[in-house]
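The values are calculated or read from the model by the stated rules, or taken from the named source; none is laboratory data. This one's a predicted model, so the numbers in the text were calculated from it and none came from an experiment. So basically every Cβ, Gly included, is an ideal-geometry build from the backbone, and we count neighbours across all protein chains shown. Calculation scope for accessible area: heavy atoms of the full protein, side chains included, ligands and nucleic acids excluded. Shrake-Rupley method; radii C 1.70, N 1.55, O 1.52, S 1.80 Å.
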Amino acid sequence: MSQFGDYQQEIYLNGLGGLVPKYPFTHEELESAARAALPPSVWSYVAGGAGDEHTQRANAAAFTRWGLVPRMFVGAARRDLSVDLFGMRLRSPLFMAPIGVLGLCAQDGHGDLAAARAAELTGVPMVASTLSVDPLEAVAAEFEETPGFFQLYTPTDKDLAENLVRRAELAGYRGIVVTLDTWVTGWRPRDLATANFPQLRGHCLANYFGDPVFRALLDRTPEEDPGAAVLLWTQLFGNPLTWDDIPWLRSLTALPLIVKGLGHPEDVRRAKDLGVDGVYCSNHGGRQANGGLPALDMLPGVVEAAGETPVLFDSGVRSGSDAVKALALGATAVGIGRPCAYGLALGGTEGLVHVLRSLLAEADLLMAVDGYPSLADLTPEALRRVG
């Protein structure tokens, strides 16, 4: 059975024939190349954060405060990075975090489809955003054997919310991820400076414009009057959910219900009591609120409060070693955000496959070198504070 770290050997062997990799390996180089490849408006939206972006930087910096303690004589020649999640055995501990403008990141304007193809090619599950260029059904059709999840921005119209979830069920998604911290847009100076908000220009709204419930609320179809459709979207998008809404959300589906944006242990405990199946520790990559705690610093408290409930995590993950540290701190699976968008910008499905295989290879080889044969061996005791 192949190991994720074999990607390294593949690259070196190709080099013997004069073939040099087309895409960068470090996050800094990947980011720089993507900036050159993307239109400035898309770049600012993807790369930017809230306020002066302190929290965004702090998310990434938090990983440098932890170090993995090497263990020897453990026979880590074979590593098992598979995880059990909601009754599924997943080969990869990584997943693609939802990104609302992923479709715009690929050069052909269909990044959601390209990402779904990358999920199938790598075994890395994708959490598909409500805000996509292509309909959720078309995205799901590209997964084939790799599970996919649907991220829901809960609209204020309950019938529309129910229909989006129903469509996701019928399309074959394996869970519903409800985002809690984006019912209103955070203060994002980069986007404000260009007066650019993609959805107001009609981008990434395919799941709304094609939905029969949404279309029934319009006097004319989105094709006939796109301006009116966008205006309706602005009126329906943001639902400031409360605890009273969880039973309703729970009633919408028999699929696993995961709530995204939890950071306080008391919120985790209460969500568990109300019947959610998974919690998702995230601060939206620093895009929504500035001045808060790095997501990684919140993770141990979330994991403790979650108990046996799976904990998904994202925000600030830039490398395979970052992913290993989050797994050691108790995350069940780790989400990759901006690096995925950058890979798509450089090479569509091929570029994203390179990014995902590189992250997995680094994580796998780190576990080999430092003596951690399986994810079960990665416990908080494997880490020490640095400095």
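Tell me, what % of the accessible area of region 205-335 is carbon and sulfur with a 1.4 angstrom probe?
Carbon with sulfur: 52 percent of the solvent-accessible area.
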>> Run the numbers for residue 16 and residue 254: contour at 0.36 nm per residue of separation, minus the present Cα-Cα distance, in nm.
In response: 80.5 nm
> With +1 on each Lys and Arg Cβ and -1 on each Asp and Glu Cβ, how big is the dipole of the chain about its Cα centre, in debye rounded to the nearest 20?
Replying inline: 740
>> Given the options 230, 363, 214, identify the residue whose Cα lies farthest towards the positive end of the charge dipole of the chain (+1 on Cβ of Lys, Arg; -1 on Cβ of Asp, Glu).
In response: 363
> Considering only DSSP states other than H, G, I, E and B, which chymotrypsin sites (Phe, Trp or Tyr not before Pro) in region 45-102 qualify as loop sites with at most 15 other Cβ atoms within 10 Å?
Replying inline: 73
> For the chain, what's the relative contact order in percent, using C-alpha pairs closer than 8 Å and at least 6 residues apart?
Replying inline: 28
>> Only sites in a loop by DSSP and with at most 14 other Cβ atoms within 10 Å count here; which trypsin sites (Lys or Arg not before Pro) in region 157-263 make the cut?
In response: 220
>> Over region 158-262, what is the relative contact order in percent, taking alpha-carbon pairs closer than 8 angstrom and at least six residues apart?
In response: 50
>> How large is the translational diffusion coefficient of region 252-387 in µm² per second when you combine the Kirkwood radius over alpha carbon pairs with Stokes-Einstein at 37 °C and 0.692 mPa s?
In response: 206
> For residue 223 and residue 273, what does the FRET efficiency come to when R0 = 56 Å and r is the distance between their Cβ atoms, rounded to the nearest 0.05?
Replying inline: 0.80
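Suppose all protein chains stay in the model; what accessible area per residue would a 1.4 Å probe give for the chain, in Å²?
About 42 Å² of surface per residue is accessible.
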> Assigning unit charges at the beta carbon (Lys, Arg +1; Asp, Glu -1) and nothing else, what dipole magnitude in debye, to the nearest 20, does region 1-115 show about its Cα centre?
Replying inline: 420
> Which one of 341, 107, 5 is farthest out on the positive end of the charge dipole of the chain, using unit charges on Cβ (Lys, Arg +1; Asp, Glu -1) and the Cα centre as origin?
Replying inline: 5
> Charges only on Cβ, +1 for Lys and Arg, -1 for Asp and Glu: so what's the dipole of region 278-358 about the Cα centre, in debye to the nearest 20?
Replying inline: 260
> Summing +1 for each Lys or Arg and -1 for each Asp or Glu, what net charge is found among the other residues whose Cβ lies under 13 Å from the Cβ of residue 121?
Replying inline: -2
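For the chain, what is the mean residue ellipticity at 222 nm derived from helices alone (per DSSP H run of n ≥ 4: -39500 (n - 2.57); sum divided by total residues; nearest 500 deg cm²/dmol)?
Computed ellipticity for the chain at 222 nm equals -12500 deg cm²/dmol.
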> Tell me, what is the 1.4 Å probe accessible area of residue 269, in Å² to the nearest 10?
Replying inline: 100
> Ranked highest first by the average count of other Cβ atoms within 10 Å around their residues, in what order do 33-44, 318-329 fall?
Replying inline: 318-329, 33-44
>> Given a 1.4 angstrom probe, I'd like the percentage of the accessible area of region 1-48 that is carbon and sulfur, rounded to a whole number.
In response: 58
> Which residues make up the longest stretch of the chain clear of GluC sites (Glu not before Pro) that lie in a DSSP loop with no more than 15 other Cβ atoms within 10 Å, not counting the sites?
Replying inline: 1-143
